[in-house]
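Novice: Take a look at the following structure, please.
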C-alpha cells in the first residue's frame, strides 16, 4: 500500500505495538497493533493488524481486527479475514463473505427508505 | 401492531384476508399455512418456492420446510429453510431461516445461518448469523451477533 508520496501517512509494521492517540492526515496502514485512538483519512487494517480502541476515518478497510469503536464517514469494507467488534457507525458498508461483525450497527443515514 | 404471542389467532385473520380483502393477489402461502398442522411436513420437502407477491400483505405466522419468496409485506413470524426478500419485499417481525437473502427491507429479529444483504437492502433489528455477506450499498443497523 506504500505509495510514492508518503506524506501524512502512518505505517505500522507487523509486530509493532503502538499505544496512544494518533491523528493521521492521510493513510494509516496497520499491520501491527494499535491500542488507543486512531483518526485518519483512510484506515487500512491489514490481515495481521489489530486496533483496540477508537477508529475514525473517511474510508476504512478491515482485513484484520478492530475492537471497541469504529466510525467511518464514507465507506467501510470488511474483507473476508476481517472482524469488527463493538459499536460501528458507517455511511456505506460492504462485508465480504467470511468477514464478521459483532455489536451495534448505526447508519449515518441521510436517505432512509 | 401485531402480536407474536398468538400465532394461531393471527393465522385465522390472515386466511380471512386472503379470501376477502385481497382476492386478486396470487398466494401460494395457503398450502404452507395448512402444512403447519400436518405431521408429514418434515418428511416431504417442497421444491417449489412459496411466494408472497408484490402488493400482498400477510399478517401471521409462516412455517415452511422449503423456500419462501417475499415480494409483498409480511408482518409476523417466519420460519423457513430459505427466504428471499425481494426488492419490493418487506418483513416486520421474527425471521428464522438457514439461508436468507435480503434485497428489500427487514425490520425485527432475524436468526439465520447464511445471510446475504443485497445492494439496496435495509435491515434493522437483532440479527444472529453464522456467515454474513453485505454487498456495497446495503444498509444494516441494530445488533449483530454470531449464532
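The values are calculated or read from the model by the stated rules, or taken from the named source; none is laboratory data. Owing to the predicted nature of the structure, the values given are computational and were not obtained by experimental measurement. Counting neighbours? That spans all protein chains shown, and the Cβs are built from the backbone with ideal geometry, glycine included.
Novice: I'd like to verify a number: residues in the stretch B:98-118 that are within 14 Å of residue B:52 (Cβ to Cβ) and in contact (Cβ under 8 Å) with a residue 24 or more places away in the chain, how many?
Specialist: The qualifying residues number 1.
Novice: All but one of (1) surrounded by fewer than 21 Cβ atoms within 10 Å (Cβ to Cβ); (2) within 14 Å of chain B (Cβ to nearest Cβ); (3) not in a loop (DSSP other than H, G, I, E, B) hold for residue A:39; state the number of the condition that does not hold.
Specialist: With (1) surrounded by fewer than 21 Cβ atoms within 10 Å (Cβ to Cβ); (2) within 14 Å of chain B (Cβ to nearest Cβ); (3) not in a loop (DSSP other than H, G, I, E, B) applied to residue A:39, the lone miss is (2).
Novice: What number of residues within the stretch A:1-19 satisfy the criterion of being within 19 Å of residue A:65 (Cβ to Cβ) and either within 15 Å of the chain's Cα centre (by Cα) or outside any loop (DSSP other than H, G, I, E, B) (or both)? Steps first, please.
Specialist: Here is the first cut: in the stretch A:1-19, the ones within 19 Å of residue A:65 (Cβ to Cβ) are A:1, A:10-19.
From what is left, the residues that are either within 15 Å of the chain's Cα centre (by Cα) or outside any loop (DSSP other than H, G, I, E, B) (or both) are A:1, A:10-12, A:17-19.
The total comes to 7.
Novice: Is it the case, given these coordinates, that residue A:48 is within 14 Å of another protein chain (Cβ to nearest Cβ) and not in a strand (DSSP E or B)?
Specialist: Numbers: within 14 Å of another protein chain (Cβ to nearest Cβ): no; not in a strand (DSSP E or B): yes.
No, not satisfied.
Novice: Pick out, from the stretch B:39-147, the strands (runs of 3 or more DSSP E) lying fully within it that include 2 or more residues that are within 12 Å of chain A (Cβ to nearest Cβ) and within 29 Å of residue A:89 (Cβ to Cβ). Please lay out each step first, then the result.
Specialist: Values: elements: B:50-52, B:57-63, B:67-70, B:73-85, B:90-102, B:105-117, B:122-129, B:131-134, B:139-146.
It comes to B:105-117, B:122-129, B:131-134, B:139-146.
Novice: Based on what the data block shows, is residue A:87 within 23 Å of residue B:146 (Cα to Cα), within 11 Å of chain B (Cβ to nearest Cβ), at pLDDT 95 or above and out of contact with any helix residue (DSSP H, G or I) (no Cβ under 9 Å at 6 or more places or on another chain)?
Specialist: Details: within 23 Å of residue B:146 (Cα to Cα): yes; within 11 Å of chain B (Cβ to nearest Cβ): yes; at pLDDT 95 or above: yes; out of contact with any helix residue (DSSP H, G or I) (no Cβ under 9 Å at 6 or more places or on another chain): yes.
Spelling it out, residue A:87 is indeed within 23 Å of residue B:146 (Cα to Cα), within 11 Å of chain B (Cβ to nearest Cβ), at pLDDT 95 or above and out of contact with any helix residue (DSSP H, G or I) (no Cβ under 9 Å at 6 or more places or on another chain).
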